[in-house]
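*Asks:* Quick one: structure below, then a few questions.
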Amino acid sequence: MVNVTLTLNGEKTACTVLPDEKLLDTLRRLGRTDVKKGCGEGTCGSCSVLLNGRLVASCIVFTAAADGGEILTAAGLGTADNPHPIQSSFVKAGAVQCGFCTPGMVLAAKALLDVVPEPDVQQIKLALDGNLCRCTGYVKIIDAVQSAARTLAGKDEVPHA
Amino acid sequence: MGRIQHYERPQKLDEALRILAERKGKACVLAGGTSLALRLPPGVDTLVDISRIGLTGLEDRGDSLAIRACTTVAQLAAMPQSRQLYGGLLARAALCVASTPLRNQITVGGNLVQVMPWSDLPGVMLALDGQIVIQGPSPRIVPLRDFYAAHPRNSLSAGDLVTEVRIPKPVGRVQSSFVKVGKTAFDYAGLTVTVVAWLSGNEVRKCSVALGAVRPLPVRIPQAEEEIVGRIPTRDDMIRAAARAAGVLEPSLDFRYSKDYRRQLIKVWVKRCLHEALA
């Protein structure tokens, strides 16, 4: 077994994991069920989290390799009572259907907007290229990221409501 | 899960090499982990995490640029050197690898050593005459041309650790092109083509044509290169080079692309890449 310390959504968390345990399994065991398990092989992006500010597919990250790292999940970004502007934009734009991909999508959007505050459509597509949605066809998702960018820049209110 | 008993996190290269030597054959090098998370080699009970031994970033080696093994594909894509050298070839290819989360995880060393048939960087590095630097019981520098004569999984021995890949700095005027052909942006490549042309005036004095994803390992196509070298290539030269490239290889079986279709892809894309590089 390996002792690992993570800063999970701002909280220092110590845990003991199997040497080949994946971060996704650790996070869900710690109660972070907002991190979804889809394909389990790094293809669908529903398990995406930010590890030290970078988007990763947590199903193919060894937990032991993340030791000392800072992890942000969708629940750490915002909650139903106090959502982050990206999360509000997803709701208002109609970018959420079944919702399974949404935690990963909002984190991919967060990783992008942290670095590129006013992305164009191509930049959004590239940033979200590892997150599959099987419901919407991405149009509303891209709208949501654009309106979140505007809201975060203080430019206007979300226009889709 | 369950087969792995030990997780080692060395802080220095020497320490990593010592662990690999001691646990000969039972220890496996872990970098980005995207391959090992899905499949561990048989007989392995120890993971040696090399992400904290200073193997990240670029270093100037005089006539070559060293890309350290643990540099992620995303880091490579963002580096000013990879955006500038060879017309930005390295950055362009790096951005074609997999998806955003995977580019943040996959390392350059891992991509070159694990080398799946569809891996994007090996063909590019092969076209650039890259060299692999291996530390371990017998430290050595191996040209990628030789490194990819057999699968690195078989030719690297227990105790070997790839620490960097060296890319020669361009000499004179050099132009390049790269394409990844897939069904979607995040699809495995059905074909990658890299063309690099070293020019003197308008004459091509040296040319690399490398294909990825058509065979288990990336390949150079000397038959196509020789149609281009020593000339100011015309459209006909390029068409002839592309036709020879399509003719010399037996594409691997692939459920998405028939052999004939892939030969057709090679013919079209080698021509277009030559045209782009030499335009």
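*Asks:* Under 5 Å between amide hydrogens, which residues at least 5 positions from residue B:64 or on another chain qualify, with H placed 1.01 Å from N in the peptide plane?
*Replies:* B:169
*Asks:* Another question, if that's okay. Taking a virtual spin label 7 Å from the Cα of residue A:75 along the C-beta vector, which residues in region A:35-58 bring their backbone nitrogen under 18 Å of it?
*Replies:* Inside the label zone: A:35-38, A:46-51, A:58.
*Asks:* Neighbour counts of other C-beta atoms within 10 Å: give me B:258, B:64 arranged from fewest to most. Write down the numbers at each step before the final one.
*Replies:* On the way: B:258 12, B:64 18.
Lowest count first: B:258, B:64.
*Asks:* Taking Cα centroids, how far is region B:70-94 from region B:244-264 in Å?
*Replies:* 29 Å
*Asks:* Take the cross-link list B:24/B:259; A:22/A:110; B:12/B:180; A:140/B:271 and give me the ones stretching past 29 Å between alpha-carbons.
*Replies:* On the way: B:24/B:259 41 Å; A:22/A:110 23 Å; B:12/B:180 37 Å; A:140/B:271 39 Å.
Listed pairs above 29 Å: B:24/B:259; B:12/B:180; A:140/B:271.
*Asks:* Short version: ³J(HN,Hα) in whole Hz for each residue of region B:10-27, in order, from phi by Karplus 6.51 cos²θ - 1.76 cosθ + 1.60 (θ = phi - 60°), x for Gly and Pro, what are they?
*Replies:* x, 9, 9, 4, 4, 5, 4, 5, 5, 4, 4, 5, 5, 9, 2, x, 9, 9
*Asks:* Please arrange B:18, A:32 by how many other C-beta atoms lie within 10 Å of their C-beta, fewest to most. List each step's numbers first, then the result.
*Replies:* Working: B:18 13, A:32 21.
Listing B:18, A:32 from fewest to most nearby Cβ atoms yields B:18, A:32.
*Asks:* Under a point spin-label approximation (7 Å from Cα along Cα-to-Cβ), what is the residue B:83-residue B:183 distance to one decimal in nm?
*Replies:* The answer from the label model is 3.4 nm.
*Asks:* Between the alpha-carbon centers of region A:1-63 and region B:190-217, tell me the distance in whole angstrom.
*Replies:* Going from one Cα centre to the other spans 40 Å.
*Asks:* Please identify the trypsin sites (Lys or Arg not before Pro) of region B:165-240 that satisfy two criteria: DSSP loop assignment and at most 15 other Cβ atoms within 10 Å. Which are they? List each step's numbers first, then the result.
*Replies:* Details: sites: B:166, B:173, B:180, B:183, B:205, B:206, B:220, B:231, B:235, B:240; in loops: B:183, B:231.
Qualifying residues, ordered by number: B:183, B:231.
*Asks:* While we're on this one: Rounded to the nearest 500, what is chain A's calculated 222 nm mean residue ellipticity when only DSSP H runs of at least 4 contribute -39500 (n - 2.57) each, over all residues?
*Replies:* When only DSSP H runs of four or more count, the value is -9500 deg cm²/dmol.
*Asks:* Taking 0.36 nm per intervening residue step and subtracting the Cα-Cα distance, what contour gain separates residue B:205 from residue B:149 on full extension? Don't skip to the end; give the middle numbers.
*Replies:* Values: separation 56, 0.36 × 56 = 20.16 nm, distance 2.51 nm.
Extending this stretch completely gives an extra 17.6 nm.
*Asks:* Per residue of region B:59-70, what does 6.51 cos²θ - 1.76 cosθ + 1.60 with θ = phi - 60° give for ³J(HN,Hα)? Whole Hz please, x for Gly and Pro, Karplus curve as stated.
*Replies:* Calculated HN-Hα couplings, in order: 9, 7, 10, x, 8, 9, 10, 9, 9, 5, 4, 8 Hz.
*Asks:* Note the full-extension length gain between residue A:155 and residue A:33 as 0.36 nm times their separation in residues minus their Cα-Cα distance, in nm to one decimal. Mind dumping the intermediate values first?
*Replies:* On the way: separation 122, 0.36 × 122 = 43.92 nm, distance 3.36 nm.
Length difference between fully extended and current span is 40.6 nm.
*Asks:* May I ask you to sort A:84, B:151 by Cβ crowding, counting other Cβ atoms within 10 Å and putting the fewest first? Display every interim value, and only then the final one.
*Replies:* On the way: A:84 19, B:151 14.
Fewest-to-most ranking of A:84, B:151: B:151, A:84.
*Asks:* For the Cα atoms of chain A, what angle does the longest principal axis make with the long axis of helix A:139-152, in degrees from 0 to 90, nearest 10?
*Replies:* Rounded to the nearest ten degrees, it is 90.
*Asks:* Whole-Hz Karplus ³J(HN,Hα) for region B:73-83, in order, using 6.51 cos²θ - 1.76 cosθ + 1.60 and θ = phi - 60°, x for Gly and Pro?
*Replies:* Calculated HN-Hα couplings, in order: 4, 5, 5, 4, 4, 8, 6, x, 5, 6, 7 Hz.
*Asks:* Let me ask something else about it. Which net charge results for the neighbourhood of residue B:201, defined as the other residues with beta-carbon distances under 15 angstrom from its beta-carbon, given Lys and Arg at +1 and Asp and Glu at -1?
*Replies:* Values: positive: B:173, B:205, B:206, B:231; negative: B:203.
That works out to +3.
*Asks:* Next question. From Cα pairs below 8 angstrom and at least 6 apart in sequence, can you work out the relative contact order of region B:59-168, rounded to a whole percent?
*Replies:* Working: 178 pairs, mean separation 33.9, N = 110.
That works out to 31 percent.
*Asks:* Rounded to the nearest 10 degrees, what's the angle between the helix B:259-278 long axis and the longest principal axis of chain B, both from Cα atoms, 0 to 90?
*Replies:* So the inclination is approximately 80 degrees.
*Asks:* Right, here's the next one. Suppose a student asked you for the relative contact order of region A:85-152, using Cα pairs under 8 Å spaced at least 6 residues apart; what percent would you report? Provide the component values of the computation, followed by the final result.
*Replies:* On the way: 71 pairs, mean separation 36.5, N = 68.
Computed value for region A:85-152: 54 percent relative contact order.
*Asks:* Taking only Cα atoms, what is the 0 to 90° angle, nearest 10, from helix B:235-248's long axis to the longest principal axis of chain B?
*Replies:* That works out to roughly 50 degrees.
*Asks:* Right, another one. In deg cm²/dmol and to the nearest 500, what is the mean residue ellipticity at 222 nm of chain B if only DSSP H runs of at least 4 residues count, each as -39500 (n - 2.57), divided by the residue total?
*Replies:* On the way: 12 runs with 93 residues, N = 279.
So the calculated ellipticity at 222 nm is -9000 deg cm²/dmol.
*Asks:* Once you list every other residue whose beta carbon is under 11 Å from the beta carbon of residue B:93, what net charge do they have if Lys and Arg are +1 and Asp and Glu are -1? Working shown, then result.
*Replies:* Working: positive: B:92, B:180; negative: B:120.
Result for the local shell: +1.
*Asks:* Quick one: compute the contact order of region B:173-278, relative version, from alpha carbon pairs under 8 angstrom and 6+ residues apart, as a percent.
*Replies:* Values: 199 pairs, mean separation 28.0, N = 106.
Relative contact order for region B:173-278 comes out at 26 percent.
Taken together, the values in this text are just the output of simple stated rules run on the coordinates, not laboratory data. Predicted model only: the values in this text are computed from it and were never measured. Because the Cβ atoms are built from the backbone with ideal geometry, glycine has one as well, and the counts that use them run over all protein chains shown.
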